[in-house]
Ligand code: PBG
Ligand code: ZN
């Protein structure tokens with residue numbers, strides 16, 4: 001009891017820190033744009049972030065590696081879009097070419113490929129569309145083809161982000177059938193329909209042209225449903241599950257961690273979270289470096305093993 005017991009005694013020693021974010025926990029997102037021939041272009045809605053040409057993405061990964069970041073997740077912006085998103089499974093598509101080139105030049109990077117239709121479809125939805133509805137089951141065949149094409153290009157992990165029911169099962173079956181038994185799946189298991197994705201949609205040119213994503217992404221009012229989503233994905237063969245976004249959803253991360261204590265869990269510190277914090281820090285309203293470390297530590301403390309974050313490079317320089 002106080003006054004004998006004083007918790008402040010140990011504080012200044014920093015010997016008993018419960019949570020440490022390490023460089024190994026960070027996954028750097030990369031936007032690779034087939035329409036850019038050389039170099040990179042700033043993304044207006046995400047200060048400090050860029051879309052890269054394929055050529056420049058290799059340099060970007062080299063820089064990330066030199067900072068100690070192990071892993072990247074790739075989003076492709078194709079030169080051509082159609083109703084069915086067929087560029088996504090073109091073996092010479094932007095992601096496939098980028099993966100080959102990065103693999104060729106850098107041997108110790110873990111390459112994750114985002115696996116979805118929205119960047120590749122003219123309507124911008126994550127699945128095939130018929131009469132204004134997003135079709136679940138017909139989309140699975142397309143996702144399976146994309147997975148095989150990405151694995152064939154050299155992706156270590158494919159990351160389906162479209163929230164179609166049964167996607168992990170369909171992808172696992174297709175990968176195994178094609179001999180890619182070692183390609184892992186990181187599923188965006190509990191992905192909420194969120195206003196925080198706004199900046200990403202400019203970055204990835206993946207805004208939907210009608211309706212919204214609420215028929216397939218989760219209602220932000222629901223927590224128990226996240227457990228069901230995660231459980232389904234684990235049973236379908238997901239190697240890593242994910243909660244997305246992160247900061248408004250720390251309770252979900254924490255619940256998933258408590259319920260499934262032995263499964264690798266990722267959290268996506270999304271574009272809107274980045275832009276909010278970055279803009280306020282750039283203006284000097286919030287302290288940049290402290291803010292980044294507090295943000296990432298909070299996500300880790302909630303229970304995430306891995307954090308996908310646009311702050312990855314800056315955070316790595318702070319560690
Ligand atoms: C699309 C996808 C989105 C993000 C990752 N993959 C946006 C969406 O669902 O509209 C969001 C990432 C971010 O906001 O940083 N499948
Ligand atoms: Zn999508």
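The values are calculated or read from the model by the stated rules, or taken from the named source; none is laboratory data. All of these numbers come straight from a predicted model, not from anything done at the bench. Every residue, glycine among them, receives a Cβ derived from its backbone with ideal geometry; neighbour counts consider all protein chains shown.
Answer yes or no: is there a residue in region 254-263 that is buried (at least 16 other Cβ atoms within 10 Å of the Cβ), in a strand (DSSP E or B) and modelled with pLDDT of 95 or more. No, every residue in region 254-263 fails to be buried (at least 16 other Cβ atoms within 10 Å of the Cβ), in a strand (DSSP E or B) and modelled with pLDDT of 95 or more.
For region 121-157, a residue qualifies if it is within 13 Å of ligand 1 (Cβ to nearest atom) and touching a strand residue (DSSP E or B) at 6+ places or on another chain (Cβ under 8 Å), and the qualifying residues are 121, 123, 125, 126, 127, 134, 139, 143, 146.
For region 35-55, residues that are in contact (Cβ under 8 Å) with a residue 24 or more places away in the chain and either more than 18 Å from residue 94 (Cα to Cα) or buried (at least 19 other Cβ atoms within 10 Å of the Cβ) (or both) total 9. Taken together, 107, 156, 141, 91 contain a single residue that is over 21 Å from the mean Cα position of the chain (by Cα) and within 24 Å of residue 242 (Cβ to Cβ), which is 141.
The condition of being in contact with a strand residue (DSSP E or B) (Cβ under 7 Å, 6 or more places away or on another chain) and more than 24 Å from residue 146 (Cβ to Cβ) holds for residue 42.
Only one of the numbered conditions (1) closer than 24 Å to residue 308 by Cα; (2) touching a strand residue (DSSP E or B) at 6+ places or on another chain (Cβ under 7 Å); (3) without any contact (Cβ under 8 Å) to a residue 24 or more places away in the chain is not met by residue 110, and that is (3). Screening region 120-131 for residues that are assigned to a loop (DSSP other than H, G, I, E, B) and surrounded by fewer than 24 Cβ atoms within 10 Å (Cβ to Cβ) and picking the one that is farthest from the chain's Cα centre (by Cα) gives 131.
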